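Accompanying notes for the structure given below.
The values are calculated or read from the model by the stated rules, or taken from the named source; none is laboratory data. Just so it is clear, the structure is predicted and the values come from calculations on it, not from any experiment. Virtual Cβ from ideal backbone geometry, glycine too; neighbours counted across all protein chains shown. The area values use the complete protein model at the heavy-atom level, side chains included, leaving out ligands, DNA and RNA. Shrake-Rupley method; radii C 1.70, N 1.55, O 1.52, S 1.80 Å.
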Amino acid sequence: MSAQNQKASGSTATGVIGAIGGMLGLSALAGVLVTVMVTPALAVTGMAASNTIGIFEGLPEYIKINEQSQRNVLYAQNTANPADGYRAIATVYAENREEVAWDDVSQYLKDATVAGEDRRFYEHNGVDVQSIVRAGIGNLTSGGIESGASTLTMQLVKNIFITEALKADTIEERDDLIAQAQEQSLERKLKEAKLAIGLEKEYTKDEILLAYLNIAGFGGNTYGIQAAAQQYFGVPASDVTIAQAASLIAIVQQPGARSLGSPDNYEANQSRRDVILNSMLAEGFITASEHEEAINTPVDENFVSINPPQSGCYAANPYAKFFCDFVIKSVGDFETLGETVEERETAWKLGGYDVYTTLNLSAQTATQDQVWATVPATDGRIDVGSAAVSIESNTGRVLTMAQNRTFDDRSVEAGGGAPGTTAINYATDRPYGGSSGFQVGSTYKIFTLIEWLEQNRGLNEVVDATRTQVNQAGFTDTCADGGGPWGNTWRIRNFSPSAPALTAFDATLQSVNTAFASMAEQLDLCEIRKTAEEMGVHRADGDPLKTNPAAILGTNEIAPLTMAAAYAAIASGGIYCEPIIVDRFVDRDGNELEGQQVDCKRAISAEVAAAAAAPMARMFDLGTARSARVGDGVPMIAKTGTTDAAVDTWIVGGTSRVTTASFVGNVTGKVTINVLPSGTLMRHFVFRAAHTVLNAQYGGDAFPAPPARLQTGSGVILPDVAGQTLEQAKSLLEGLGFRFEQGAAVDSDLEAGLIVSASPAPGTLLAKGTTVTVTTSLGNLVRVPDVVSPGVDYGDAVDILEDAGFTNISQTCVEYPPSPSPSPGPGPGPQPDRVTAQNPAAGTPIRYETNITLTVSKTNC
């Protein structure tokens, strides 16, 4: 007979006693409780019975059955297409619990609970007077409060208090509240009794029984019958056998001694289980044959099938552990869960959410596999770290988050801290993973280029790349917190030889440090920072971005996720989107809730974005990203970065749909990455593998051409100042906005002191502020007279040259036979004893002492 059927049967003797108890007033009931339960305690403490009744009357009428803490399950998309489905990647909970409905709990469990814990459950009103009388006799015999005659409803009250205690902010507060909920005291018993009666008035018996099964502890961090059935038998609560049901309920009174998590507890569990089975038979819940089969089933390793709970990011999908950790550390940002950070964290702890994240598991798997294959987790020579993160450009959805080390946030005592593991997420900011970021090298140059374009400067404007020592006082920095003004000399080094002057386009393509220093010198360092900040750039440690001149070359420590999001603004035509990681939630009741809202803004104009992308689009065939080239025809942009001595290496870029930041460098220390095989190429291998999959799934559009105005910008065509005096050239060039610099004096036939040449060359589209270096004449050259055209003989030629001041003259002979007939054509033909050639040629400026060789025709040399 089921518990419900028994409840429905006619009145019994015990039912009559329960009914009498139900008719007693609360004060009268308190008196009964005092008389039969706590008389020994009164004798010891001297407390008056009237005081205990006062305590009873002062308690609230009832306690609510609140929602219990449940598991949160994180899901990832299988591919870019939601129709391809989702996969669970992690289960996270404060308590291992999954609340189930009445129909999802086996009748065997309901009957075992009533038979084992409260056989008159369906007859009393929350307090069982018959059990109280029996407990009172026991207390009188023992001289203390050893038995409290707790009903299921009273146990539920106690468990509610314990559950609330588990939500305490500190371990000390939690332990204190749990101790209060479990102490053997008159006050607690009175409280449980009154609140149990109140519960019975507010809820049905079935609701109370279900709440008890969902809240009860089953050992360790396992709460609720569903989690217990899954953990100990690998089945849902709806499918347990009679023997399994009785073994599970055997745990609740003494979880530490009877849980099935340890073989040491099997004997104690079986002993209590058999008592419950006997009660189930006695109550008519099971037949004799069912009882015989169940009681003859030993509690052993064949009976128990342990399925350890997989909680937390350590137990998450091996490809998604760091992403899982990022989600957990971002709970305070999930506005759907509450108005304040505290409300959101409380809601998350209460749990019961299915969290559909932005992670693309197939792309994540490909990226992570390449990271593991390329970058070692440990190496005796270098503390190497790597992170690769990809973002959907027009939404900010984080698609991948890979790292060379495996995630392990366990304590050393719990087995954590093994080589090749870490709890630090290299892809995120310090509050979201513990990392302080990494110097980003030349990937930061793109913000100088963008500010250059914002100031209407052009890609084709030529800038100076010759200066390797620059006075930092010449830089403008209007940021009050930037650290300026800057002094002393900044020594700049290029990684490879560079042309003395090159366009801003080529300076970006070739990543020329000295050229970018010249560009930044013409801008405001503070405005460069503001441009970066508009694109979401910030330091991983939370400090302001530094604005010293060297910062333009990437000395700020920034997280890969931040760099990927910033470059996504270029790829999406100037729109910056905050990174987001949750598309939607589904709560415990099946209601779909909004995830993180897409939060995008215009950071730079579409024209500036197009112009910035132009040199980045050539990185894969002409620039520094050739090893990262995917070659699938999908248009891509990128910029690489390598810090001094190749301590940290980067590539950031992607398509119009997805951008990726790939970092390989030092976690601690400053060891060149080149100590590892493929050193500076490792970042490229990871980037290429990631985008091989990402491009196939997301594709990408062509990047628009830069507008004409941002190609020419405000550059000025450099005029030709040859033949001018220094004063004249200086006035002209500075008036056009150029810097003027006098270079070396050179050999020239111009008057001494006049300008011979300028660099860059005349006709160049030159950026204002660029230095033009001129050379001046020594006035020490004379142009050679023409002694060939007049047709003179050698003697006359010598006279002409000597009259011009040349003294070093020699001759060479060429035979010339007499012509039998007049030469065709106008004028006389060649004649013997005539000068037919001269070297240097006529008009060549040379020094007086330079040798001049004359070629003379003779009939016989």
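Here the condition is being open to solvent by 70 Å² or more (accessible area, probe 1.4 Å), farther than 30 Å from ASP632 by Cβ, of a type outside the set (S, T, N, Q) and in a helix (DSSP H, G or I); of GLU734, GLU741, it holds for GLU734 alone. Return a yes/no flag: does the range 621-636 have any residue that is within 14 Å of SER393 (Cβ to Cβ), of a type in the set (Gly, Ala, Ser) and in a helix (DSSP H, G or I). For the range 621-636, residues within 14 Å of SER393 (Cβ to Cβ), of a type in the set (Gly, Ala, Ser) and in a helix (DSSP H, G or I): absent. Filtering the range 100-114 for residues that are touching a strand residue (DSSP E or B) at 6+ places or on another chain (Cβ under 9 Å), in a loop (DSSP other than H, G, I, E, B), in contact (Cβ under 8 Å) with a residue 60 or more places away in the chain and farther than 19 Å from THR204 by Cβ leaves an empty set.
Among residues of the range 293-306 that are of a type outside the set (Asp, Glu), those with a beta-carbon under 8 Å from a residue that is open to solvent by 100 Å² or more (accessible area, probe 1.4 Å) at least six positions away or on a different chain give the pairs VAL299/GLU267. Entry remark, the range 324-356: residues being of a type in the set (S, T, N, Q) and under 20 Å from the mean Cα position of the chain (by Cα) number 1 in total.
The residue of the range 142-159 that is surrounded by the most Cβ atoms within 10 Å (Cβ to Cβ), among those that are modelled with pLDDT of 60 or more and not in a helix (DSSP H, G or I), is THR151.
For SER731, the conditions (1) touching a residue at least 24 places away in the same chain (Cβ under 8 Å); (2) more than 30 Å from VAL630 (Cβ to Cβ) are fulfilled apart from (1).
Every condition in (1) among the hydroxyl-bearing types (Ser, Thr, Tyr); (2) within 30 Å of SER656 (Cβ to Cβ); (3) open to solvent by 50 Å² or more (accessible area, probe 1.4 Å) is met by SER714 except one, and the failing one is (3). Could you run through the range 591-615 and say how many residues are under 24 Å from the mean Cα position of the chain (by Cα) and of a type in the set (Asp, Glu)? Adding up the residues that qualify gives 2. You will find that of ARG588, ARG629, ARG618, the residue that is under 23 Å from THR448 (Cβ atoms), among the basic types (Lys, Arg) and over 22 Å from the mean Cα position of the chain (by Cα) is ARG618 and no other. In the set GLY737, GLY699, only one residue is touching a residue at least 24 places away in the same chain (Cβ under 8 Å) and over 30 Å from GLY631 (Cα atoms); that residue is GLY737. Just one of (1) open to solvent by less than 10 Å² (accessible area, probe 1.4 Å); (2) in a loop (DSSP other than H, G, I, E, B) fails for GLY487. It is (1).
Residue-by-condition table, conditions (1) over 21 Å from the mean Cα position of the chain (by Cα); (2) among the charged types (D, E, K, R); (3) within 26 Å of GLN439 (Cβ to Cβ):
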| site | (1), (2), (3) |
| --- | --- |
| ILE306 | yes, no, no |
| PRO309 | yes, no, no |
| GLY312 | no, no, no |
| PHE322 | no, no, yes |
| THR358 | no, no, no |
| GLY380 | yes, no, yes |
| THR395 | no, no, no |
| THR400 | no, no, yes |
| ASP408 | no, yes, no |
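Selection of the range 490-505 for residues being part of a helix (DSSP H, G or I) and out of contact with any strand residue (DSSP E or B) (no Cβ under 9 Å at 6 or more places or on another chain) yields only PHE505. Only residues that are out of contact with any Phe, Trp or Tyr (no Cβ under 6 Å at 6 or more places or on another chain), buried (at least 19 other Cβ atoms within 10 Å of the Cβ) and aliphatic (A, V, I, L, M): list them for the range 64-99, please. Answer for the range 64-99, where residues must be out of contact with any Phe, Trp or Tyr (no Cβ under 6 Å at 6 or more places or on another chain), buried (at least 19 other Cβ atoms within 10 Å of the Cβ) and aliphatic (A, V, I, L, M): ILE65, VAL73, LEU74, ALA76, ILE89, ALA90, VAL92. Scanning the range 639-678 for residues that are open to solvent by 50 Å² or more (accessible area, probe 1.4 Å) and either in contact with a helix residue (DSSP H, G or I) (Cβ under 6 Å, 6 or more places away or on another chain) or not in a loop (DSSP other than H, G, I, E, B) (or both) yields ASP644, ALA645, ARG657, THR668, ASN674.
Only one of the listed residues (ILE552, ILE558) is modelled with pLDDT of 95 or more, crowded, with 19+ Cβ neighbours inside 10 Å and touching a Leu at 6+ places or on another chain (Cβ under 8 Å). That residue is ILE552. Being part of a helix (DSSP H, G or I) and more than 26 Å from ILE295 (Cβ to Cβ): is that true of LYS167 here? Answer is no for this residue.
This table checks each residue for (1) closer than 19 Å to ALA227 by Cα; (2) touching a helix residue (DSSP H, G or I) at 6+ places or on another chain (Cβ under 6 Å).
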position	(1), (2)
ALA257	yes, yes
SER279	no, yes
ALA282	no, no
GLU292	no, no
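Answer yes if at least one residue in the range 452-468 is in a strand (DSSP E or B), over 26 Å from PRO706 (Cα atoms) and β-branched (Val, Ile, Thr), and no otherwise. Looking for residues that are in a strand (DSSP E or B), over 26 Å from PRO706 (Cα atoms) and β-branched (Val, Ile, Thr), one finds none in the range 452-468, hence no.
All conditions in (1) at pLDDT below 85; (2) over 37 Å from the mean Cα position of the chain (by Cα); (3) assigned to a helix (DSSP H, G or I) hold for GLN184, with the sole exception of (3).
Screening the range 341-429 for strands (runs of 3 or more DSSP E) wholly inside it with 2 or more residues that are over 25 Å from ASN96 (Cα atoms), open to solvent by 10 Å² or more (accessible area, probe 1.4 Å) and in contact (Cβ under 8 Å) with a residue 12 or more places away in the chain returns the ranges 383-392.
Checking each residue in the range 577-604 for being outside any loop (DSSP other than H, G, I, E, B), surrounded by fewer than 23 Cβ atoms within 10 Å (Cβ to Cβ) and not basic (Lys, Arg) picks out CYS577, ILE580, ASP583, PHE585, VAL586, GLU592, LEU593, GLU594, CYS600. Those residues that are of a type in the set (S, T, N, Q), buried (at least 17 other Cβ atoms within 10 Å of the Cβ) and part of a loop (DSSP other than H, G, I, E, B), I need them from the range 744-791; list them, please. Matches in the range 744-791: SER748, THR764, THR770. Being hydrophobic (A, V, I, L, M, F, W, C) and open to solvent by less than 30 Å² (accessible area, probe 1.4 Å) is true of VAL327. Somewhere in the range 293-314, is a residue out of contact with any strand residue (DSSP E or B) (no Cβ under 6 Å at 6 or more places or on another chain), in a helix (DSSP H, G or I), surrounded by fewer than 19 Cβ atoms within 10 Å (Cβ to Cβ) and polar (S, T, N, Q)? So far as the range 293-314 goes, no, none of its residues is out of contact with any strand residue (DSSP E or B) (no Cβ under 6 Å at 6 or more places or on another chain), in a helix (DSSP H, G or I), surrounded by fewer than 19 Cβ atoms within 10 Å (Cβ to Cβ) and polar (S, T, N, Q).
Restrict the check to the range 249-261 and report whether at least one residue is part of a helix (DSSP H, G or I), touching a residue at least 40 places away in the same chain (Cβ under 8 Å) and not β-branched (Val, Ile, Thr). So far as the range 249-261 goes, no, none of its residues is part of a helix (DSSP H, G or I), touching a residue at least 40 places away in the same chain (Cβ under 8 Å) and not β-branched (Val, Ile, Thr).
Going through (1) within 20 Å of ALA613 (Cβ to Cβ); (2) outside any helix (DSSP H, G or I); (3) among the small types (Gly, Ala, Ser) one by one, ALA690 falls short only on (2).
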